[in-house]
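Trainee: Below is a structure I'd like to ask you about.
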Amino acid sequence: MNQRVRVQNFGVSRDGIGAGQEQTLERPFGHVDPGELMGWALDTAHFPGRSEPGGSRGLEDYLTRDFAPGIGAEIMGRHKFGPQRGPWPDDGWTGWWGDEPPFHTPVFVLTHHERPPLSVGETTFHFIDAAPAEALEQAKAAAGGLDVRIGGGVTTVREFLDADLVDEMHVAIAPLEYGSGLRLWDRPEDLEDRFHLEQITAPSGVRHCFFWRR
């Protein structure tokens, strides 16, 4: 079975911004509003944790339903896990997601400050100081033959792209601009030297970019 390395449902603005600066506990995305950036996903019928009936169907609902199947491990940057900087404080922090994170797989958190693994619900977080290729090797070994998701944030996705370790990617471009922040790209076409690219604009106004290796 061929394990793929995938980026899924990753949101950016028209000017390529996927997160703001000056992250805090109250503002996980800095000055960027995740409700604006990822509103298309939040509005779908099958968005995880949706408590109200209804929601949109079609392509975007399919993308939220397809988020978990086939994924055996995730790699994320430290600041996707939490707002702390430097050595880990003894503050009881277990991530942004409460008692049951949505991953249900091993998650490898890239950090220069290693710490023992942390189990929260069905998810175990492993804190590793590793380059992208080494982290991917560990994640693949833990994934049980399933795919590995590069979950973000922007810096982590960019590092794996720069290391040429991504096989497939879906990026959702919201119809808004921020001007400043953490930028994934100048334009999606910049990746066409390595990837095929297909773009579809949904009724929500979001442009969905699908990349797969040439």
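A short reminder: the numbers here are calculations on the coordinates, not readings from a lab. All figures in this text were calculated on a predicted structure; none of them were measured in a lab. Methodologically, a virtual Cβ is constructed for each residue, glycine included, from the backbone with ideal geometry; neighbour enumeration extends over all protein chains shown.
Trainee: Relative contact order for the chain: what is it in percent, counting Cα pairs under 8 Å that are at least 6 residues apart?
Mentor: Details: 427 pairs, mean separation 64.9, N = 214.
Across the chain, relative contact order equals 30 percent.
Trainee: Using DSSP to call loops (not H, G, I, E or B), can you name the GluC sites (Glu not before Pro) in region 54-119 whose Cβ has at most 15 other Cβ atoms within 10 angstrom?
Mentor: On the way: sites: E60, E74, E114; in loops: E114.
Hits after loop and neighbour filter: E114.
Trainee: In region 55-162, what % of DSSP beta bridges are antiparallel (nearest 5)? Show your work: numbers first, answer last.
Mentor: Details: 4 of 18 bridges.
Antiparallel bridges: around 20 percent, rounded to the nearest 5.
Trainee: With N residues in region 93-163, what two-decimal value do you get for its Cα radius of gyration over 2.2 N^0.38 Å?
Mentor: Numbers: Rg = 12.0 Å, N = 71, 2.2 N^0.38 = 11.1 Å.
Normalised by 2.2 N^0.38 Å, the Cα Rg of region 93-163 equals 1.08.
Trainee: In whole percent, what relative contact order does region 33-129 give with Cα contacts below 8 Å and a gap of six or more residues? Write out the running numbers ahead of the final one.
Mentor: Numbers: 131 pairs, mean separation 19.9, N = 97.
RCO, region 33-129: 21 percent.
Trainee: Which of I173, I200, I75 moves the most in a Gaussian network model of the chain with Cα springs under 10 Å?
Mentor: I200
Trainee: Once you order the gyration tensor axes a ≥ b ≥ c over the Cα atoms, which shape class does the chain get: rounded for a/c under 1.5, otherwise prolate or oblate by comparing a/b with b/c? Let's see the in-between values first.
Mentor: Details: a/c = 1.33, a/b = 1.22, b/c = 1.09.
Here the chain falls in the rounded category.
Trainee: Cα convex hull of region 1-70: how many Å³ per residue?
Mentor: Working: hull volume 9.8 nm³, N = 70.
Considering the Cα atoms of region 1-70, their hull volume per residue is 139 Å³.
Trainee: Around G144, with a cut-off of 15 angstrom between Cβ atoms, what is the net charge of the other residues, counting Lys and Arg +1 and Asp and Glu -1?
Mentor: Numbers: positive: R4, K140, R149; negative: E74, E122, E137, D147.
Once all neighbours under 15 Å are counted, the net charge is -1.
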